[in-house]
Amino acid sequence: MKLKPLADRVVLVQRAAEEKTESGIFLAASAQEKPEIYEVTEVGPGGMVDGSEIKMEVKVGDKVLVGKYSGSKIKLEGEEYTIVRQSDILAIVE
């Protein structure tokens, strides 16, 4: 099954948490903080949203920074996805 977002929505998948600190200390699973960096897996077509023309700035494969409580989280076929509006994306990580 594949998700196809509508309008200005973007489907994201979260990157794995770091298991080791920069100094080489391994972290227990409970101590690992999930990063707010996601990878874009699907992008909606954009178009007219609330009376304004929306041009999609992100593309599949981009790594993006999203606010901690942004979007809707869903689980589909064992994979967890987050669906956000493009305006909820704070930055593209290069």
Exercise. Kindly indicate the residue of region 5-34 that is within 13 Å of the chain's Cα centre (by Cα) and aliphatic (A, V, I, L, M) and also modelled with the lowest pLDDT among those meeting that condition.
Key: Ala16
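Each row is one residue, and each column tells you yes or no for (1) among the polar types (S, T, N, Q); (2) in contact with an Asp or Glu (Cβ under 7 Å, 6 or more places away or on another chain); (3) open to solvent by 40 Å² or more (accessible area, probe 1.4 Å); (4) part of a strand (DSSP E or B).
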{"position": "Tyr38", "(1), (2), (3), (4)": "no, no, no, yes"}
{"position": "Glu42", "(1), (2), (3), (4)": "no, no, no, yes"}
{"position": "Met48", "(1), (2), (3), (4)": "no, no, yes, yes"}
{"position": "Val60", "(1), (2), (3), (4)": "no, yes, yes, no"}
{"position": "Val64", "(1), (2), (3), (4)": "no, no, no, yes"}
{"position": "Ser70", "(1), (2), (3), (4)": "yes, yes, no, no"}
{"position": "Ile74", "(1), (2), (3), (4)": "no, no, yes, yes"}
{"position": "Thr82", "(1), (2), (3), (4)": "yes, no, no, yes"}
Quiz item: Restricting the first residue to region 47-58 and requiring it to be closer than 12 Å to Ala7 by Cβ, which pairs with a second residue that is open to solvent by 60 Å² or more (accessible area, probe 1.4 Å) meet a Cβ separation below 8 Å and a spacing of at least six or different chains?
Solution: Gly47/Glu53; Ile54/Met48; Met56/Pro45
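The values are calculated or read from the model by the stated rules, or taken from the named source; none is laboratory data. As the structure is a computational prediction, the values presented were derived from the model and not from experiment. Methodologically, a virtual Cβ is constructed for each residue, glycine included, from the backbone with ideal geometry; neighbour enumeration extends over all protein chains shown. The area values use the complete protein model at the heavy-atom level, side chains included, leaving out ligands, DNA and RNA. Shrake-Rupley method; radii C 1.70, N 1.55, O 1.52, S 1.80 Å.
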